[in-house]
Amino acid sequence: MNAFEIKNGSLHAENIALTEIAQEIGTPTYVYSAAHIKHQFDALQGAMQRALPADRQPLLCYACKANSNLAILSHLRSLGSGLEIVSHGELLRGLKAGFAPEHIVSTGVGKTIIEIKALIEAGIHQINIESLEELMRIGEVSTSLEKHIKVVFR
């Protein structure tokens, strides 16, 4: 699968000349290939399906910090991807892109009480924790909200 290739001396993305995109939209601009993203996601998902039993398939999560473009996030969601976030802002972007909270995982250091509360209230899949102190904060917040949250030590 080669979504980007040179044809007639011009670079193309999915058979569209980048010079045409630049003329229509202007520069600088970013061009992504939905087909290439799908190909890469399918390859990873296929590898997991071949390597692990059906009842042990992982939630494959895209790291929102890599690219928080809503169109990219929505496309990945449509492929079955989960989302890994590191901030409250990324939580909001993920929800706006249509990710179900149970397909969102929170990672990152220094989560504030406000962020922890938002994660728990949203009902995300899990919080990856970095320290015993963070675990204690999560415990306090979840107790005060009378809600459970799955945590994983990273």
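On alpha carbon coordinates alone, what is the Rg over Rh value for region 1-83, Rh being the Kirkwood radius?
Reported Rg/Rh, Kirkwood definition of Rh: 1.08.
Both radii are taken from the alpha-carbon atoms of the chain; with Rh as the Kirkwood radius, Rg/Rh is 1.09. In terms of packing, defined here as the mean over residues of other Cβ atoms within 10 angstrom, the peptides 93-106, 46-59 line up highest first as 93-106, 46-59.
When the C-alpha to C-alpha distance is required to be over 27 Å, the pairs from Lys38/Lys117; Lys38/Lys111; Lys7/Lys38; Lys111/Lys150; Lys7/Lys65 that qualify are Lys38/Lys117; Lys38/Lys111; Lys7/Lys65. Rounded to the nearest 10 square angstrom, Phe153 shows an accessible area of 140 square angstrom against a 1.4 Å probe.
All C-alpha to C-alpha distances of region 79-154, sorted into 10 Å bins beginning at zero, yield P(r) values of 21, 58, 20, 2 percent in whole numbers. To put it simply, the accessible area of region 88-154 at a 1.4 Å probe is 59 percent carbon and sulfur.
The residues of region 62-140 expose on average 45 square angstrom of accessible surface per residue, using a 1.4 Å probe on protein heavy atoms.
The values are calculated or read from the model by the stated rules, or taken from the named source; none is laboratory data. Note that this is a predicted model, so its numbers are computed, not measured. A quick note on method: Cβ atoms are made from the backbone with ideal geometry, for glycine too, and the neighbour counts reach across all protein chains shown. These accessible areas exclude ligands, DNA and RNA; they are computed on the full protein's heavy atoms, side chains included. Shrake-Rupley method; radii C 1.70, N 1.55, O 1.52, S 1.80 Å.
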